[in-house]
Amino acid sequence: MDRGDLSNLTAFVAVADRRSFRAAASHLGVTPSALSHSMRQLEERLGLRLLHRTTRSVSPTDAGLRLLERLRPAIDQIAGALENLNEERQRPLGRLRIYAARAAAAVVAPIWARFLSTYPEIHLELAVGEAPIDIVAKGFDAGIGPQNRAAADMIAVRVMGPMKIAVVGAPSYFAKRRPPRTPDDLARHSCVQYRQAADGDVFVWPFQRNRKSRRISVDGRVMVNSPDLAVRAAVDGLGIAYTIEALAEPFLRSGQLVRVLEDWSPSIQGLFLYYPGHRQVPATLRALIDMIRAVRGSAPSRRSLQNPFTKH
């Protein structure tokens, strides 16, 4: 069965139901002569007459009635499926799969309760990972991360402006050591080191003040490959961590962490939501983008470093 057969069968049902080529043609948006040609093609392919026709009337043959009886449930199912898709276009529903960098929790988590209560027919799946992946091949609707994660043929929508860096440590740690006043003072401290990949380079900490930039190689007894673990290590008093402010903020607010070198802490590039295709954005994804923008607003563009936690 090819696409032509399906089109011709749909046309046959329209003619048989309306007992008129003219009425069926009007319903299908084609000319009566084109519809008559489609019926001849179908009958020749099947080797059976499906319609009795005169200049005044049309009716199904016995074979046509039997075919119509079997076709109608399938045609109704197809029509129902198309109607469901139309409803989905009008009303967001179904599963929405997002792959996000860990820092993207600061984008999605503050709005997901509101999002799911506003759209009760959406099921949200949020997978978190630092490694860049092919989101299309893995079946995700969109990704959230630095702009360089988005392939050249994808749409990238800013969902968070530049993010402030926070250098943090636990009060118990600083009770034993004087807090650093300049990046050079870190040489006398135990720092939580970061390595993104198992065989990657150890992360060098960038600093910036008054348009002067510094990059400091730190030392310490703990090395992690997760920004969350770096913050956790700092909370546990294992050393000073270099992280994104949004990840440290709950612990700063609770007093479990204190901030140092704030005047040296730069801002890094913000986050983007990226997805394939220029047209027909899924209603579920459009709803998420609109809510993020409504809650966060459009952040002003200002000078910031490339995100140092990602590979380029």
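The values are calculated or read from the model by the stated rules, or taken from the named source; none is laboratory data. This structure is a prediction, so every number in the text was calculated from the model and none was measured. Note that each Cβ is placed from the backbone with ideal geometry, even for glycine, and that neighbours are counted across all protein chains shown. What goes into the accessible areas is simple: the full protein's heavy atoms, side chains included, and nothing from ligands, DNA or RNA. Shrake-Rupley method; radii C 1.70, N 1.55, O 1.52, S 1.80 Å.
Values for this structure:
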| quantity | calculated |
| --- | --- |
| Most mobile of Leu42, Leu285, Leu261 in a GNM of the chain (Cα contacts under 10 Å) | Leu42 |
| Apportionment of accessible area to carbon and sulfur, the chain, percent (1.4 Å) | 49 percent |
| Antiparallel DSSP beta bridges within the chain, percent to nearest 5 | 65 percent |
| Sum of side-chain charges, Ala170 neighbourhood, beta-carbon under 12 Å (Lys, Arg +1; Asp, Glu -1) | +3 |
| Size of electric dipole in the stretch 75-204: Cβ of Lys, Arg +1 and of Asp, Glu -1, about Cα centre, debye, nearest 20 | 1040 debye |
| Dipole of the stretch 50-150, positive end: most advanced residue of Leu67, Pro132, Ile111 [Cβ charges, Cα centre] | Leu67 |
| Within a Gaussian network of the chain (alpha carbon springs, distance under 10 Å), most fluctuating of Ala287, Ala16, Ala241 | Ala16 |
| Rounded to 5, percent antiparallel among DSSP beta bridges of the stretch 60-214 | 25 percent |
| Calculated [θ] (222 nm, deg cm²/dmol) that DSSP helices of n ≥ 4 give over the chain, each run adding -39,500 (n - 2.57) | -12000 deg cm²/dmol |
| Cβ charges +1 (Lys, Arg) and -1 (Asp, Glu), total dipole of the chain, debye | 860 debye |
| Over the stretch 93-170, volume per residue of the alpha carbon convex hull, in Å³ | 129 Å³ |
| Radius of gyration, Dmax [the chain; alpha carbons; angstrom] | 30.8, 102 |
| Solvent-accessible area per residue, Å², over the chain with all protein chains present [probe radius 1.4 Å] | 57 Å² |
| Proportion of all alpha-carbon pairs of the stretch 153-269 beyond 19 Å (%) | 45 percent |
| Spatially near lysine pairs across the chain, Cα under 29 Å, sequence gap of 8 or more or different chains | 5 |
| Most mobile listed residue (Arg149, Arg40, Arg158) in the chain, GNM with C-alpha springs under 10 Å | Arg40 |
